[in-house]
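As structure tokens, the structure follows; a few thoughts come after it.
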Amino acid sequence: MSVVRCDGIVQIYKAQDVEVVALRDVDLVIDEGETVALLGPSGAGKSTLLWLLAGLLRPSAGRLWLDGADVSRLNQRRLDRLRAAHIGMVLQNPARNLIGYLSAAQNVAFAQRAVKRDRPRARDLLHQVGLSDAGDRPAGRMSGGEQQRLAVAVALANAPKLLLADEPTSQLDEESGTRVVELIKRAAADSGTTAVVVTHDTAVSEALSRTVTIRDGRVGAEGRSGEDFVVVGREGAVQVPPEYHHLLPPGSMARIEELEDGIALRRAEP
Ligand SMILES: Nc1ncnc2c1ncn2[C@@H]1O[C@H](COP(=O)(O)OP(=O)(O)O)[C@@H](O)[C@H]1O
Ligand SMILES: [Mg+2]
């Protein structure tokens, strides 16, 4: 089953007099157990998409299904309940995921207070992120890296159907980063957790099952098992990846050549 389904999602921020179109016509389906790296340059719309998938924002236009439920048909209470029961989120700023005066174990316990179901034990989670010895120190006094690992443990505390993480390894060394990725992959394999991880870290994206690249508010490219594909958008638009800009720079004109199984774009000098 699809855990995430985006159908023509548009997200517009209104700030005083200006409107910013952060996402335009995003179509995306993510199935149970997939682990997706969300890539793209700064300002592309990655965090916005993550907030939508977390149910923290409602799309300006288009339709969004989370765990089979049409978000536009859920009132706030039911959306909040779906979020609490099935979605784990790691925000970009690690400290914001945690309660500063509680210890690591208390933070995990707090996340687990409301949901009654089979879920990982706090001790196991903390062990898996390398925080077994974190002791009674309050989370607010931990290093950025420790907070980041704890935030991942907290997000997985209720064995969520959907794990969303914004740059969860940005402050980690290679070893801790690998641990976090292994934990996410294990959650996917053991509990069917679907993960969407915003990352600039190629070690992370290569370890996950699929990549989705957002550029200028659109899904421009996808990668599966090491192979990259451009995505033909709703209006037939295709984004030429930056690594080909020297051959076909943005703003240039191209001739279309028909092939048996597709087309070729050749730079034309007008
Ligand atoms: N709360 C907001 N109000 C106005 N504009 C915003 C807001 N959040 C993000 N944006 C704008 O939306 C676009 C996408 O932002 P974002 O989703 O944060 O991109 P990314 O995470 O890929 O860097 C950017 O142009 C950004 O400036
Ligand atoms: Mg961001």
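The values are calculated or read from the model by the stated rules, or taken from the named source; none is laboratory data. Predicted model only: the values in this text are computed from it and were never measured. No Cβ is skipped: glycine too gets one built from the backbone with ideal geometry, and neighbour counts run over all protein chains shown. To get the accessible areas, we keep the full protein, side chains included, count just its heavy atoms, and leave off ligands, DNA and RNA. Shrake-Rupley method; radii C 1.70, N 1.55, O 1.52, S 1.80 Å.
Normalised by residue number, the volume inside the convex hull of the Cα atoms of the stretch 149-270 is 147 Å³ per residue. Extension gain for Val10 to His200 (0.36 nm times residue separation, less C-alpha to C-alpha distance): 66.0 nm.
What's the magnitude of the charge dipole for the stretch 121-270 around its Cα centre, counting Lys and Arg as +1 and Asp and Glu as -1 at the beta-carbon? Answer in Debye, nearest 20.
Roughly 560 debye for the stretch 121-270.
Highest mobility in the GNM of the chain, judged by mean-square fluctuation with C-alpha springs under 10 Å and restricted to His200, His127, His86, is found for His127.
Under the convention that each Lys and Arg Cβ holds +1 and each Asp and Glu Cβ holds -1, the size of the dipole of the chain around its Cα centre is about 1480 debye. Of the residues Lys46, Lys185, Lys116, ranked by 1.4 Å probe accessible area with the largest first, the sequence reads Lys116, Lys185, Lys46. Hydrodynamic estimate: the Kirkwood radius of the chain over Cα pairs, inserted into Stokes-Einstein at 4 °C and 1.567 mPa s, corresponds to D of 65 µm²/s. Phi angles across the stretch 202-211 convert, under the Karplus curve 6.51 cos²θ - 1.76 cosθ + 1.60 with θ = phi - 60°, into 3J(HN,Hα) values of 5, 4, 6, 5, 5, 7, 8, 7, 7, 10 Hz, Gly and Pro given as x. Projecting the Cα positions of Val29, Val219, Trp65 onto the charge dipole of the stretch 2-239 (unit charges on Cβ atoms of Lys, Arg, Asp and Glu, taken about the Cα centre) puts Trp65 furthest along the positive direction.
Amide H contacts for Arg210 (H built 1.01 Å from N in the peptide plane; partners 5 or more residues away or on another chain; cut-off under 5 Å): Thr35, Ala37. Along each principal axis, taking the top coordinate minus the bottom one, the Cα set of the stretch 212-251 gives 30, 23, 15 Å in descending order.
Remark on Arg215: its backbone amide H falls under 5 Å from those of Gly220, a criterion applied only to residues 5 or more positions apart or on other chains, H modelled at 1.01 Å from N. Heavy atoms of the protein chains alone define the surface here; on that basis the chain has 54 Å² accessible area per residue at 1.4 Å probe size.
Compute log10 of I(q)/I(0) for the stretch 1-52 with the Debye formula, placing one identical point scatterer on every Cα and leaving out solvent, at q = 0.13, 0.14, 0.16, 0.30 Å⁻¹, to two decimals. Evaluating at q = 0.13, 0.14, 0.16, 0.30 Å⁻¹ gives log10 I(q)/I(0) of -0.37, -0.42, -0.53, -1.28. When only Cα pairs below 8 angstrom with a gap of at least 6 residues are kept, the stretch 38-148 shows a relative contact order of 24 percent. The phi torsions of the stretch 243-250, fed into the Karplus equation with coefficients 6.51, -1.76 and 1.60 and a -60° offset, translate into couplings of 5, 10, 5, 5, 8, 9, x, x Hz, rounded to whole numbers, with Gly and Pro shown as x. Percent of Cα pairs in the stretch 39-129 per distance bin of 5 Å, from zero to the largest separation: 2, 11, 18, 19, 18, 15, 11, 4, 0. Computed over neighbours whose Cβ is under 14 Å from that of Asp118, the net charge equals +3, Lys and Arg +1, Asp and Glu -1. Our coupling estimate for the stretch 122-127, obtained by passing each phi through the Karplus curve with A = 6.51, B = -1.76, C = 1.60 and θ = phi - 60°, is 3, 4, 5, 4, 5, 4 Hz, Gly and Pro reported as x. Build a GNM of the chain with springs between Cα atoms under 10 Å apart, and of Leu247, Leu56, Leu163 the one that fluctuates most is Leu247. Where does the charge balance sit around Arg186 when Lys and Arg score +1, Asp and Glu -1, over other residues with C-beta under 12 Å from its C-beta? Around Arg186, the surrounding residues sum to -1. Per-residue extension of 0.36 nm, minus the Cα-Cα distance of Arg77 and Ser209, leaves a gain of 44.2 nm for this segment. At q = 0.24 Å⁻¹, what base-10 log of I(q)/I(0) does the Debye formula yield for the stretch 141-180 when every alpha carbon is treated as an equal point scatterer in vacuo? Each listed q maps to, in turn, -0.80. Within the shell defined by Cβ-Cβ distances under 15 Å, the residues around His200 carry a net charge of -3, with Lys and Arg each +1 and Asp and Glu each -1. Modelled spin-label separation between Asp216 and Ser42, with each label point placed 7 Å from Cα along the Cα-to-Cβ direction: 2.0 nm. Each Lys and Arg Cβ is given +1 and each Asp and Glu Cβ -1; about its Cα centre, the stretch 74-208 then shows a dipole of about 960 debye. Work from the charge dipole of the chain (Cβ charges, +1 for Lys and Arg, -1 for Asp and Glu, about the Cα centre) and give the residue of Val197, Ala139, Leu38 farthest towards its positive end. Farthest towards the positive pole: Ala139.
For the chain, what is the percent of antiparallel DSSP beta bridges, rounded to the nearest 5? In the chain, approximately 65 percent of DSSP beta bridges are antiparallel ones. The fraction of accessible area contributed by carbon and sulfur in the chain is 48 percent, rounded to a whole number (1.4 Å probe; ligands and nucleic acids excluded).
Taking amide H as placed 1.01 Å from N in the peptide plane, the amide H of Val4 sits under 5 Å from that of Ile30, Asp67, each at least 5 places away or on another chain. Taking the charge dipole of the chain about its Cα centre, with +1 at Lys and Arg Cβ atoms and -1 at Asp and Glu Cβ atoms, the residue from Ala151, His245, Ala165 reaching farthest to the positive side is Ala151. Here the relative contact order of the stretch 2-239, from alpha carbon pairs under 8 Å that lie six or more residues apart, stands at 26 percent.
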